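The values are calculated or read from the model by the stated rules, or taken from the named source; none is laboratory data. Bear in mind the structure is a predicted one, so any value in this text is a computation, not a measurement. Here the Cβ positions follow ideal geometry from the backbone for every residue, glycine too, while neighbour counts run over all protein chains shown.
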Amino acid sequence: MALFHLPEEAAAGYAAAAQALQRGEMIAYPTETLYGLGVDPFNPQAMDALFQLKQRTPEKGVILLIPSLEWLTQLCLPLSAATDSLVRSIWPAPLTLVLPAQSHLDSCITGGSGFVALRLSPSHEVAGLMAQWQRPLVSTSANPSGAQLQWGAEEIQSQWGDQLAVVLKGEVLEGQENSLPSTVVKIEGRRWQLLREGAISSAQIESIMIKKADPV
């Protein structure tokens, strides 16, 4: 396992992380909210390894970070004009949108739900990684499934270092033990549903969404 400190070792760290993902290996990296575990979502072996490490089943699906809005057409069904306007007005933000998925996506990504969870992250550290990787990346919290304690880079390295190829230690998240995860909103047509309150409050979501869609 290789540990890289950001931003001092950003260039080498992002390159090493992208190479590890290409080989089907797992990385840990900082997002705008929590440390995440990342693998190539289109590599079945890598996805299996992630689920085993997290002690969770594929039925829950995963969140994908995307490098740009252009990936929407490859991952989800065509958006309505209202949803497209909403996405472009909100992202990048700590907001995960659950949208109707393209049929070719594996059930380990969608959880068999027919929906895919996507986020365009506002983190400059994620942006640096994406500039090297240039593909969707799994984002799931870097701690065991169901655990409330949030791990920093040292805890991740200590607990899972032998199963990770690269750990990127970010300057923003260190010491922030009470960071909230991304808020998750499901959108289907003009209807929306708050699935998880997080970094963006339910009141904020309602004020944004009420202008664009109808609540469930």
Original post:
Out of all the residues in the range 128-146, which are in a loop (DSSP other than H, G, I, E, B) and buried (at least 19 other Cβ atoms within 10 Å of the Cβ)?
Top reply: Pro136, Ala142, Asn143
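Every residue, every condition in (1) surrounded by fewer than 20 Cβ atoms within 10 Å (Cβ to Cβ); (2) at pLDDT 90 or above, yes or no:
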| position | (1), (2) |
| --- | --- |
| Gln148 | yes, no |
| Val166 | no, yes |
| Leu173 | no, no |
| Asn178 | yes, no |
Subject >> Subset of the range 90-110 that is touching a residue at least 24 places away in the same chain (Cβ under 8 Å) and among the small types (Gly, Ala, Ser) - its residue that is surrounded by the most Cβ atoms within 10 Å (Cβ to Cβ) >> reply: Ala101
Original post:
Between residues in the range 176-188 that are closer than 19 Å to Leu64 by Cα and in a loop (DSSP other than H, G, I, E, B) and residues that are at pLDDT below 95 and polar (S, T, N, Q), which pairs lie under 7 Å by C-beta distance while being six or more apart or on different chains?
Top reply: Leu180/Thr33; Pro181/Thr33; Pro181/Ser141; Ser182/Thr33
Subject >> Residues (closer than 17 Å to Lys169 by Cβ, more than 12 Å from the chain's Cα centre (by Cα) and either among the β-branched types (Val, Ile, Thr) or at pLDDT below 95 (or both)) located in the range 96-143 >> reply: Asn143
Original post:
Does Glu125 fit the bill of being of a type in the set (D, E, K, R), loosely packed, with under 14 Cβ neighbours inside 10 Å and under 21 Å from Ala18 (Cα atoms)?
Top reply: no
**OP:** Return yes when Ala16 is closer than 15 Å to Gln132 by Cα, surrounded by 17 or more Cβ atoms within 10 Å (Cβ to Cβ) and not hydroxyl-bearing (Ser, Thr, Tyr) and no when it is not.
**Re:** yes
